[in-house]
């Protein structure tokens, strides 16, 4: 009976260290976007061409705006500052990227293949990760948690 209870608890609650996993996920996502944003700010030739090909309004403005949001929101996620807001901004960028550039890569007629390809897009996975941070916040090891403790 004890083994069964342990197995049920493990399946329901995991092995623990949820705060560590939450923090690592937030920091990794932030690092990705901060690095990506700074690369795009340094050389946006491909980004500008993509915006024009996808008929994004004001491509010359977006060429600076999108990577700036990626960089700043990514840095905010790394330290856990205004996490839901930063994640919402990044999720917005990812949704636009998914439905303008990402989705045109897949033309499968089979529904399951299309869903599989859609879920394989990195932007879709980043949206899910951002949604998680929007709904759960920064976690206990963050500037947001420090600010909350001071109030």
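With respect to residue 134, determine if the residue is surrounded by fewer than 20 Cβ atoms within 10 Å (Cβ to Cβ) and either under 20 Å from residue 46 (Cβ atoms) or free of Cβ contacts under 8 Å to residues at least 40 places away in the same chain (or both). No. Restricted to region 88-117, and to residues there that are surrounded by 15 or more Cβ atoms within 10 Å (Cβ to Cβ) and over 19 Å from residue 40 (Cβ atoms), the residue that is modelled with the lowest pLDDT is 103.
Considering only region 77-110, state which residues are over 18 Å from residue 30 (Cα atoms) and part of a loop (DSSP other than H, G, I, E, B). Explain how you work it out, then say what you get.
First pass over region 77-110, keeping only residues over 18 Å from residue 30 (Cα atoms): 96, 98-110.
Of everything in region 77-110, those that are over 18 Å from residue 30 (Cα atoms) and part of a loop (DSSP other than H, G, I, E, B) turn out to be 106, 107, 108, 109, 110.
If a residue has to be part of a helix (DSSP H, G or I) and exposed (fewer than 10 other Cβ atoms within 10 Å of the Cβ) to count, how many in region 3-52 make the cut?
Of the residues in region 3-52, 9 are part of a helix (DSSP H, G or I) and exposed (fewer than 10 other Cβ atoms within 10 Å of the Cβ).
The values are calculated or read from the model by the stated rules, or taken from the named source; none is laboratory data. Please read all numbers here as calculations on a predicted model, not as lab measurements. Glycine gets a Cβ as well: all are built from the backbone with ideal geometry, and neighbour counts include every protein chain shown.
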